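What follows is a single structure, written as structure tokens, with notes after it.
The values are calculated or read from the model by the stated rules, or taken from the named source; none is laboratory data. If you're wondering where the values come from, they're calculated on a predicted model, not measured in any experiment. Because the Cβ atoms are built from the backbone with ideal geometry, glycine has one as well, and the counts that use them run over all protein chains shown. For accessibility, only protein heavy atoms count, side chains too; no ligands or nucleic acids. Shrake-Rupley method; radii C 1.70, N 1.55, O 1.52, S 1.80 Å.
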Amino acid sequence: MADPRGFLKFDREEPAKRPRTERVRDWREVYDLTPPDERNAEVRHQATRCMDCGIPFCHSGSAGCPLGNLIPEWNDLVRQGHWAAASDRLHATNNFPEFTGKLCPAPCEAGCVLAISPMSGGAVTIKRVEATIADVSWEKGLVEPLVAEVSSGQRVAVVGSGPAGLAAAQQLTRAGHEVTVFERDDRLGGLLRYGIPAFKMEKKHLDRRLAQLRKEGTQFVTGCEVGVDLTVEDLRAQYDAVVLAVGALRGRDDTVTPGRELAGVHLAMEHLVQANRQVEGDGPPEIDAAGKHVVVIGGGDTGADCYGTATRQGALSVTQLDQYPLPPETRDDDVSPWPTWPYILRTYPAHDEGGERKFGVAVKRFVGDDGGRVRAIELQQVRVSRDPETGVREVVPVSDEVEEIPADLVLLAIGFDGVEEMRLLDDLGIELTRNGRVSCGTDWQTDAPGVFVCGDAHRGASLVVWAIAEGRSVANAVDQYLTGGSDLPAPVHPTALPLAVV
Ligand SMILES: Cc1cc2nc3c(=O)[nH]c(=O)nc-3n(C[C@H](O)[C@H](O)[C@H](O)COP(=O)(O)OP(=O)(O)OC[C@H]3O[C@@H](n4cnc5c(N)ncnc54)[C@H](O)[C@@H]3O)c2cc1C
Ligand code: SF4
């Protein structure tokens, strides 16, 4: 039984961050490494704030955790210091809690009953408790490889090694199938490896999990684009089922603004992949913000990652542009009532490290120098609206005034258009939907028999927590397909609505 007065005894406390001046000089994670005993004591207090509500909105449903994490249960176990039991309950629903504990935007916290009124001091720091349980689990050697006792004799190919593919692979291997993960990149992890910067999650956490998967029997092949290096014919001949976890990596480009063709204007991912490669030891990036005025176009998460990366590379200035107006600091119940994901200003640690954000502005023109390189950007104040009949988004200037700001490096972080075109899909006879996704039936099976889909490839660019949830669910479906039944959990249904947290 939780302490019903815990939230009256302890205030909500976020984990401490390393000093700004220190962290911008390296690629290590932003959060302070508080000594384990002190950290555990603090987090036990935070977990004590959970009231174990009759209806825990945090733990599932459209506003809670997509994985169905048993949040009140592990909060109470942490409160009592039962870390091993908490680890057990957390891993029961989440293959990779250290990934979500570091990266998830935590829709669970938006749905926490303590978030309804400011009088209660704010939501339980669920994400922090989750991250700490994961840390303690590794520190105490509680994360063991779980090797299947019986082999099914069935072979599964998982295409793509992002969080969706890894979750599906781990579940299917543990169910006794012979699983091989194919990855076209030279290293495993998908966006966890080459998209998300190390200052949000150091890659050692990914490598540690990959070692666990290997010990359990999952096999990995890197540098192999399925459909090209391994033909669909061979794939079909060698495997009894195929899981497509190929992501939604087609970066949205700006096809209308004059000057887009200038040197120095790049898609965000071109910048982030190279920066991540440098941290992995692959040598200096070609797209480097050092000594440059950097402008990041797009107000979302990817933009914030470019922002923090440019700061660390030694940019002269960093400016992030958003077409939408400055959101409110707190939830407006008329716009996004509790327990839904609130429409509020999202400020990431990167934004506290210098630089500037501008809202309600759009680029009129990229201005080049005589050598064909971008040197500035012309900006206009704009209003964004939607045509009430067609729903089409319109960006309309609100004045003729134009502001010019210096820009030697421009990064377009304006979203993703879905799954990339690839030979694999053509040869499987799979067509993308209008919005660039791979569709499936209620059994997660695509139009190609025995071929399943999960993660961003299925739902469009989304979140790590959704990728893991879909990977777990698709594993259940593949297990049923191969054996006629399954004990594997299926936290989400393929028609679960995309959460407005991207
Ligand atoms: C810059 C950035 C920052 C983000 N930050 C966060 C965050 O902080 N928190 C959060 O929750 N989410 C974040 N996301 C979103 C999150 O990373 C994705 O939702 C998640 O990684 C999707 O997982 P996935 O496994 O479906 O696909 P991906 O991670 O995209 O992995 C797909 C993999 O498939 C491989 N592949 C594709 N085709 C083939 C083929 N034919 N053969 C072999 N391999 C193939 C690709 O190389 C890739 O490695 C971020 C995304 C970006 C771009
Ligand atoms: S995975 Fe995300 S939504 Fe689920 S409990 Fe953790 S932080 Fe909350």
Single residue of Ala448, Ala461, Ala467 found to be out of contact with any Ser or Thr (no Cβ under 8 Å at 6 or more places or on another chain), open to solvent by less than 30 Å² (accessible area, probe 1.4 Å) and within 9 Å of ligand 1 (Cβ to nearest atom): Ala467
Residues of segment 70-85 satisfying the condition of being more than 16 Å from ligand 2 (Cβ to nearest atom) and either part of a loop (DSSP other than H, G, I, E, B) or among the acidic types (Asp, Glu) (or both): Gln80, Gly81, His82
Count of residues meeting criterion [open to solvent by 10 Å² or more (accessible area, probe 1.4 Å), within 11 Å of ligand 2 (Cβ to nearest atom) and of a type in the set (A, V, I, L, M, F, W, C)] in segment 86-109: 3
Checking Val384 against (1) in a loop (DSSP other than H, G, I, E, B); (2) away from ligand 1 (no atom under 16 Å from the Cβ), the condition it does not meet: (1)
Number of the exception - Tyr343 against (1) open to solvent by less than 70 Å² (accessible area, probe 1.4 Å); (2) out of contact with any strand residue (DSSP E or B) (no Cβ under 7 Å at 6 or more places or on another chain); (3) under 26 Å from Ser62 (Cβ atoms): (1)
Residue match in segment 396-409 (condition: at positive phi and not in a helix (DSSP H, G or I)): no
Within segment 232-339, strands (runs of 3 or more DSSP E) holding 2 or more residues that are farther than 21 Å from Glu356 by Cα and open to solvent by less than 20 Å² (accessible area, probe 1.4 Å): 241-244
Subset of segment 186-215 (residues that are hydrophobic (A, V, I, L, M, F, W, C), farther than 16 Å from Ala164 by Cα and part of a loop (DSSP other than H, G, I, E, B)): Ala198, Phe199, Met201
Count of segment 165-187 residues which are open to solvent by less than 10 Å² (accessible area, probe 1.4 Å) and either closer than 30 Å to Trp27 by Cα or within 16 Å of ligand 2 (Cβ to nearest atom) (or both): 7
Residue check, Ser151 in contact with a strand residue (DSSP E or B) (Cβ under 8 Å, 6 or more places away or on another chain), part of a loop (DSSP other than H, G, I, E, B), surrounded by fewer than 19 Cβ atoms within 10 Å (Cβ to Cβ) and in contact (Cβ under 8 Å) with a residue 24 or more places away in the chain: yes
Any helices (runs of 4 or more DSSP H) falling wholly within segment 1-69 and containing at least 2 residues that are more than 26 Å from Lys200 (Cβ to Cβ): 6-9
Flag if Gly165 is of a type outside the set (Val, Ile, Thr) and outside any helix (DSSP H, G or I): no
Residues satisfying the stated conditions in segment 271-283, i.e. touching a residue at least 40 places away in the same chain (Cβ under 8 Å) and closer than 20 Å to Ala413 by Cα: His271, Leu272, Val273, Ala275, Asn276, Arg277
Residue check for Arg193: of a type outside the set (A, V, I, L, M) and open to solvent by 40 Å² or more (accessible area, probe 1.4 Å): no
Residue check for Ala500: open to solvent by 40 Å² or more (accessible area, probe 1.4 Å) and at pLDDT below 95: yes
Hey, Ala175 in contact (Cβ under 8 Å) with a residue 60 or more places away in the chain, within 30 Å of Asn75 (Cβ to Cβ) and over 20 Å from the mean Cα position of the chain (by Cα) or not: yes
Only listed residue being open to solvent by 40 Å² or more (accessible area, probe 1.4 Å), touching a residue at least 40 places away in the same chain (Cβ under 8 Å) and of a type outside the set (Gly, Ala, Ser), chosen from Asp479, Asp408, Asp400, Asp456: Asp408
Residue match in segment 113-121 (condition: in a loop (DSSP other than H, G, I, E, B), at pLDDT below 95 and either within 16 Å of ligand 1 (Cβ to nearest atom) or at positive phi (or both)): yes
Verdict on Thr34 being farther than 17 Å from Ala86 by Cα, more than 16 Å from ligand 2 (Cβ to nearest atom) and in contact with an Asp or Glu (Cβ under 9 Å, 6 or more places away or on another chain): yes
Of the criteria (1) buried (at least 24 other Cβ atoms within 10 Å of the Cβ); (2) near ligand 1 (Cβ under 9 Å from one of its atoms), which one Val158 fails: (2)
